[in-house]
Amino acid sequence: MIPIASPAIESEVKQQLAEVVDSGIISQGPKVKEFEEKYAQYTGVKHAIAVNSGTAALHTALLAHGIGAQDEVITTPFSFIASANSILYCNAKPVFADIQADTYNIDPEKIAEKITPKTKAVLAVHLYGHPFDVKPVKELCEDHKLTLIEDACQAHGAQYDGKKCGSFATGCFSFYPTKNMTTSEGGMITTDDAQVAEKCRIIRNHGSSEKYVHETLGYNYRMTDLCAVIGLSQLKRLDEANQKRRINAKSYDRMLDSSKYTLPLEKPGCTHVYHQYTIQCREREKTIEKLRQNDIGYGVHYPIPIHRQPYYKKLGFNDSLPVAENAAKEVLSIPVHPKLEREEIDFISEVLNGL
Ligand SMILES: *Cc1c(COP(=O)(O)O)cnc(C)c1O
């Protein structure tokens, strides 16, 4: 079986985990601090705040920017459910703007159409590891005084105009096992704004900056030092792992029959980190059947756009977002992870081209 994802934790980490256990400080301790510093440096921001999931990062970031009841937050319908759910957690209303057909990312022109006096923020996702159109989205947010949240949960190390995703606004990352780097479970918020950073630290720790004094409603979103040592080790290898993903992707680009499949795009000025290598195919069921027969892992990211999810229907969402709806019917992700062998890429390409 060729798996769709294959987390690679270095064996050196076992010894480091034992050292943390022996140190007696196993949560929100010195390793978390070190991980935050190194992650901020890597991303090119002043502050990084570690939390215990990507979802917690999004929730905390929205709260730190004061998003609450009555507020509207414009976001993409084509992402993992956590992107929009984090808005619901704040009792705010997600407003979906359709995506671009070529990168599957939110369309700046569609954002502009959805702005109302209630709009407070835009939560845009760098989907599959390809940056969204940062410049027009940022300009729109500046013109309308909106907060911009970057959901960079799939875009560790991805770049736009030579700068890392997560450094353009308030960035949110996930370190779930299938992501470009992992801490088992974990997340990070990145920002240049000292006030936002401080608010995030307080929200992460039960609304408290001083022990047993609680200024606001907070949560337990703290990261453990065990997670942080895994993260430190993964961060060291992130560029190398992303480079391997890019090489794998370029091999597919050369080998896959583009008359049969729409291949992923890397826009000029962007560095795609291929969290997923996602193709579009007209007969997805048939293609999946062929992959299954050949023991090739795959993923459908995502089969149902968020506004069409049963829970969102129950809430009364009833938008028509044709580009996202069409993408949901045709996208198919194939293995692109760093452990993939050249022969496996050849084999997968042959199977797909032979259809
Ligand atoms: C994985 C992911 C999340 C959530 O991260 P968790 O660590 O699983 O909570 C949010 N948004 C996107 C786009 C993701 O891919």
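The values are calculated or read from the model by the stated rules, or taken from the named source; none is laboratory data. Just so it is clear, the structure is predicted and the values come from calculations on it, not from any experiment. When we count neighbours, we look across all protein chains shown, and the Cβ atoms used for this are built from the backbone with ideal geometry, even at glycine. Keep in mind that these areas ignore ligands, DNA and RNA; they rest on the heavy atoms of the full protein, side chains included. Shrake-Rupley method; radii C 1.70, N 1.55, O 1.52, S 1.80 Å.
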Notebook entry, point to check: Has region 211-221 got any residue that is away from the ligand (no atom under 16 Å from the Cβ), hydroxyl-bearing (Ser, Thr, Tyr), in a loop (DSSP other than H, G, I, E, B) and modelled with pLDDT of 95 or more?
Noted result: no
Next item on the list: Kindly provide the set of residues from region 76-111 that are more than 13 Å from the ligand (Cβ to nearest atom) and polar (S, T, N, Q), ordered by number.
Entry: Asn91, Gln100, Thr103
Margin query: If Thr191 meets every condition in (1) over 27 Å from Ile4 (Cβ atoms); (2) buried (at least 22 other Cβ atoms within 10 Å of the Cβ); (3) within 16 Å of the ligand (Cβ to nearest atom); (4) of a type in the set (Ser, Thr, Tyr) apart from one, which number is that one?
Written below: (3)
Next item on the list: Check off (1) assigned to a helix (DSSP H, G or I); (2) over 22 Å from the mean Cα position of the chain (by Cα); (3) aromatic (Phe, Trp, Tyr) for Phe317 and give me the number that stays unchecked.
Entry: (1)
Margin query: Can you tell me how many residues within region 140-165 are within 16 Å of the ligand (Cβ to nearest atom) and under 19 Å from Asp193 (Cβ atoms)?
Written below: 6
Checklist line | Pair list, Cβ under 8 Å, 6 or more apart: region 268-287 residue closer than 20 Å to Asp257 by Cβ, other residue open to solvent by 40 Å² or more (accessible area, probe 1.4 Å) and polar (S, T, N, Q) | finding: Ile279/Thr262; Gln280/Thr262; Cys281/Thr262
Margin query: Which count do you get for residues in region 320-352 that are within 16 Å of Arg284 (Cβ to Cβ) and either surrounded by fewer than 14 Cβ atoms within 10 Å (Cβ to Cβ) or not aliphatic (A, V, I, L, M) (or both)?
Written below: 5
Item checked: Unique residue being basic (Lys, Arg), at positive phi and surrounded by fewer than 24 Cβ atoms within 10 Å (Cβ to Cβ) when the list is Lys145, Lys179 -> Lys145
Next item on the list: Quick one: in region 260-286, of everything that is open to solvent by 70 Å² or more (accessible area, probe 1.4 Å) and not in a loop (DSSP other than H, G, I, E, B), which residue is farthest from the ligand (Cβ to nearest atom)?
Entry: Lys286
Next item on the list: Those residues that are assigned to a loop (DSSP other than H, G, I, E, B) and open to solvent by 50 Å² or more (accessible area, probe 1.4 Å), I need them from region 5-30; list them, please.
Entry: Pro7, Ile9, Ser11, Gly24, Ile25, Ile26, Gln28
